[in-house]
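Here's the structure, in structure tokens; my notes come after.
The values are calculated or read from the model by the stated rules, or taken from the named source; none is laboratory data. Not measured: the values here are computed from a predicted model. In this analysis, Cβ positions are derived from the backbone assuming ideal geometry, glycine residues included, and neighbour counts consider all displayed protein chains. Accessible surface areas use protein heavy atoms only, side chains included; no ligands, DNA or RNA. Shrake-Rupley method; radii C 1.70, N 1.55, O 1.52, S 1.80 Å.
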Amino acid sequence: MVFQNEVSSVSSGATGLAERYASALYALAVESKKIDAIYADLTELAGLVAEHQDLKKLVNSPILTRHEQQAAITAILEKAGADSLTVQFVGTLAANGRLSALLRVIRAFLEEHARRLGQVSAEVISAVPLDDSRKASVEKTVARLAGSDQLSLSMRVDSSLIGGLVVRIGSRMIDTSIKTKLSRLETAMKGVA
């Protein structure tokens with residue numbers, strides 16, 4: 001199978017695992033002229049994993065076998081109407097015991113896509129959904145921080161943040177979430193006691 005060989009051929013090299021898988025998928029998406037479909041599928045999948053605890057558990061489960069993870073994630077993607085290349089890729093990720101790297105692979109794919117379009121890739125994670133005016137304000141601020149008008153911005157919700165935002169611009173991260181502030185306070189208090 002061409003797909004299996006493509007993913008296997010990227011297993012050596014100096015870059016990280018997520019980047020290798022993302023590069024293999026990107027090459028296949030370009031070759032099959034499915035970049036837009038794969039981009040949409042992966043963006044939606046990242047949002048679903050972030051929003052649904054059961055899906056997050058499936059992706060990160062050390063208890064489930066590779067075959068069980070592959071069967072479950074493949075069924076979910078097929079039911080969601082994902083492109084066959086996305087289904088096959090994520091299934092292969094699971095079969096190779098790499099499903100726990102899924103979100104990192106997606107992030108690497110989205111960053112590669114933005115880079116090829118001459119854009120700066122950024123991700124904003126909020127504790128609650130942002131209304132249109134707040135989204136616009138966040139987009140403007142992130143574009144200024146990134147120093148680029150060409151911005152590929154993805155937004156998702158993670159209620160565990162409690163409040164605030166986490167912004168990733170390339171490899172840079174700005175974390176103003178209440179969850180992180182509470183964690184820092186707890187660590188500081190342990191040092192005092």
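For region 166-173, check the following and say yes or no: at least one residue is at pLDDT below 90 and at positive phi.
yes
Would you please name the residue that is modelled with the lowest pLDDT, looking only at residues in region 135-165 that are more than 22 Å from Ala40 (Cα to Cα) and in contact with a strand residue (DSSP E or B) (Cβ under 7 Å, 6 or more places away or on another chain)?
Top of the filtered list is Ser148.
Show me the helices (runs of 4 or more DSSP H) entirely contained within region 63-123 in which 1 or more residues are touching a residue at least 60 places away in the same chain (Cβ under 8 Å).
Hits in region 63-123: 84-95, 102-116.
Quick one: how many residues across region 128-152 are free of Cβ contacts under 8 Å to residues at least 24 places away in the same chain, assigned to a loop (DSSP other than H, G, I, E, B) and over 23 Å from Ala50 (Cα atoms)?
Number of matching residues: 1.
Does Leu110 fit the bill of being over 20 Å from Glu51 (Cβ atoms) and hydrophobic (A, V, I, L, M, F, W, C)?
No.
On the phi > 0 side of the Ramachandran plot, out of contact with any Ser or Thr (no Cβ under 6 Å at 6 or more places or on another chain), among the small types (Gly, Ala, Ser) and open to solvent by 40 Å² or more (accessible area, probe 1.4 Å), is that true of Gly147?
yes
Among the candidates Leu110, Leu85, Leu99, single out the residue that is under 15 Å from the mean Cα position of the chain (by Cα), modelled with pLDDT of 90 or more and open to solvent by less than 30 Å² (accessible area, probe 1.4 Å).
When all the criteria are applied, what remains is Leu99.
Checking Lys190 against (1) open to solvent by 30 Å² or more (accessible area, probe 1.4 Å); (2) closer than 28 Å to Ile35 by Cα, only one condition comes out false. Which one?
(2)
Which residue pairs have Cβ atoms under 8 Å apart, sit 6 or more places apart or on different chains, and have a first residue in region 162-177 that is under 19 Å from Leu103 (Cβ atoms) and touching a residue at least 12 places away in the same chain (Cβ under 8 Å) and a second that is among the acidic types (Asp, Glu) and assigned to a loop (DSSP other than H, G, I, E, B)?
These pairs meet every condition: Val166/Asp158.
Using the structure shown, decide if Ala80 is under 18 Å from the mean Cα position of the chain (by Cα) and loosely packed, with under 14 Cβ neighbours inside 10 Å.
Yes, satisfied.
Does region 4-15 include one or more residues that are at pLDDT 90 or above, part of a helix (DSSP H, G or I) and not hydrophobic (A, V, I, L, M, F, W, C)?
no
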